[in-house]
Amino acid sequence: MGNAVVRLFEPKYNKLVETTLTDTLGRYSFLVGPNEYFVRTDKDGYDQHIVRPIDYRQKTEPEAIAIDVPLSPTKPV
């Protein structure tokens, strides 16, 4: 899904690390170092989705995070 806002956080202090938009095919990625992270995805008309934990603490080189995130339409009230 294109133009979804994807935010990368460091959970210890709930610190926002980076923000990006998905491309027209719904793709995104973050280049990260060794640490623990979580990703939050938002798009108008869809429920927010959080993926946690993403544990890269044992990595020795920077790697890309690009996780498939299902978005469900917001249910009408």
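The values are calculated or read from the model by the stated rules, or taken from the named source; none is laboratory data. The structure presented is a predicted model; accordingly, all values stated were derived computationally and were not measured. Neighbour counts are summed over all protein chains in view; Cβ atoms, including those assigned to glycine, are modelled from backbone coordinates with ideal geometry. Each accessible area value is taken on the protein alone, full model and side chains, heavy atoms only, with ligands, DNA and RNA left out. Shrake-Rupley method; radii C 1.70, N 1.55, O 1.52, S 1.80 Å.
Taking only pairs six or more apart or across chains, which ones have beta-carbon atoms under 6 Å, a first residue in the range 11-33 that is farther than 21 Å from Lys59 by Cβ, and a second residue that is of a type outside the set (Val, Ile, Thr) and open to solvent by 50 Å² or more (accessible area, probe 1.4 Å)?
Thr19/Arg7; Leu21/Asn3; Gly26/Met1
Can you pull out every residue in the range 11-21 that is modelled with pLDDT of 95 or more and open to solvent by less than 80 Å² (accessible area, probe 1.4 Å)?
If the condition is that a residue be modelled with pLDDT of 95 or more and open to solvent by less than 80 Å² (accessible area, probe 1.4 Å), then Val17, Glu18, Thr19, Thr20 are the ones that fit.
In the range 62-76, which residues are under 15 Å from Gly45 (Cβ atoms) and not in a loop (DSSP other than H, G, I, E, B)?
The one that is under 15 Å from Gly45 (Cβ atoms) and not in a loop (DSSP other than H, G, I, E, B): Pro73.
What are the residues in the range 40-53 that are more than 12 Å from the chain's Cα centre (by Cα) and open to solvent by 60 Å² or more (accessible area, probe 1.4 Å), if any?
Within the range 40-53, Asp44, Tyr46, Asp47 meet the criteria.
For the range 22-34: of the residues being farther than 15 Å from Val69 by Cα and in contact with a Phe, Trp or Tyr (Cβ under 7 Å, 6 or more places away or on another chain), which is surrounded by the fewest Cβ atoms within 10 Å (Cβ to Cβ)?
Once the filter is applied, the top-ranked residue is Pro34.
Here are Tyr37, Tyr56: which of them is at pLDDT 95 or above, surrounded by 13 or more Cβ atoms within 10 Å (Cβ to Cβ), farther than 29 Å from Val77 by Cα and not aliphatic (A, V, I, L, M)?
Working: Tyr56 fails: at pLDDT 95 or above.
Exactly one residue qualifies, and that residue is Tyr37.
Cβ contacts < 7 Å: first residue over 20 Å from Asn35 (Cα atoms), restricted to the range 53-77; second residue open to solvent by 80 Å² or more (accessible area, probe 1.4 Å) and outside any strand (DSSP E or B), any location; separation 6+ or different chain. Result?
Leu71/Met1
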